[in-house]
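One structure follows; several queries about it will come next.
The values are calculated or read from the model by the stated rules, or taken from the named source; none is laboratory data. Here the structure is a predicted model, which means the values were calculated and not measured. Glycine gets a Cβ as well: all are built from the backbone with ideal geometry, and neighbour counts include every protein chain shown. Side chains are part of the model used for accessible areas, which takes the heavy atoms of the whole protein and leaves out ligands, DNA and RNA. Shrake-Rupley method; radii C 1.70, N 1.55, O 1.52, S 1.80 Å.
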Amino acid sequence: MSPKTGLLEVIALTAVDAERAQEGGADRLELVSDMASDGLTPSVGTLRDVLAATDLPVRVMLRDNMSFAAGDLDGLRADAGRLIDAGAREFVFGFLDLESEVDVDACETLVKELDGLPWTFHRAIDRARDPLRAYDQLTALGCDTVLAAGHPHGVAHGLSVLQRLARREDGPRLLVGGGLRAQQVHLLRAGGVGAFHVGSAVRPGGWESDVDVAAVREWAALVKE
């Protein structure tokens, strides 16, 4: 999709979320568990339920702790294998090393496990020492999407970085999310951003509530107008 058509990705925790996101006009889902830990790997059972409930593309999180360290890589590889066997065809992950650089070795380990499946490098990039350098490393790693707010504290603080990333002509697609507000979309679109990621923004009742169809519809209209 071009910036003119737009893409809206919605965080889903359950099959109900998936159904409601699709009804509201979402283009893709990010499937996670445990938002109290900022999103971890979902269970195989949840993935199967979600895939049965929607025909939207589903990007599945591979993450076993709330930091941006790789954690148990053997466990993550095993999780990836189980999820692929259950039907997962797109993933989300991202790791930094102790120097706040992209953990290339850890990422390459999972890339090999995915064997060519598309993946998003998530908001770990917002805590990288140099997000622009990190973006270049991710281009070399072969990810097709980078989820970023431009700053650890969210889009409002990261607009200048996002605008610089959006001007890159080559490399992964920039997916903006993390404290994203509706009034920021027009400015970001004008700067070349065409893909947006929302979670709490489509859950007026908080993370304990289901995705709200009307809220997704409003965001879809905003992103694609």
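Could you work out what % of the accessible surface of the chain is carbon and sulfur, using a 1.4 angstrom probe and leaving DNA, RNA and ligands out of the count?
48 percent
Sticking with this one: In region 5-222, if the dipole is taken from +1 on Lys/Arg beta carbons and -1 on Asp/Glu beta carbons about the Cα centre, which of Phe95, Gly6, Ala18 is farthest to the positive end?
Most positive-ward Cα: Gly6.
Cα centroids of region 196-225 and region 81-155: how far apart, whole angstrom?
Between the Cα centre of region 196-225 and that of region 81-155, the gap is 24 Å.
Roughly how far apart, in whole Å, are the Cα centres of region 156-184 and region 56-70?
Here the two parts' Cα centres lie 20 Å apart.
Same structure again: Nearest 20 debye, what's the magnitude of the dipole of the chain about its Cα centre given +1 on Lys and Arg Cβ and -1 on Asp and Glu Cβ?
With Lys and Arg at +1 and Asp and Glu at -1, about 860 debye.
Quick check for you: with a 1.4 Å probe and neighbouring chains kept, what is the accessible area per residue of the chain, in Å²?
Solvent-accessible surface per residue comes out at 45 Å².
So which GluC sites (Glu not before Pro) in region 55-131 end up in coil per DSSP with only 10 or fewer other C-beta atoms within 10 Å?
Glu99
Mind computing the radius of gyration and Dmax over the alpha-carbon atoms of the chain? Å is fine for both.
For the chain, the Cα-based Rg and Dmax read 16.1, 44 Å.
Moving to a separate point now. Select from Leu29, Leu162, Leu117 the residue whose mean-square fluctuation is largest in a Gaussian network model of the chain (Cα-Cα springs shorter than 10 Å).
Leu117
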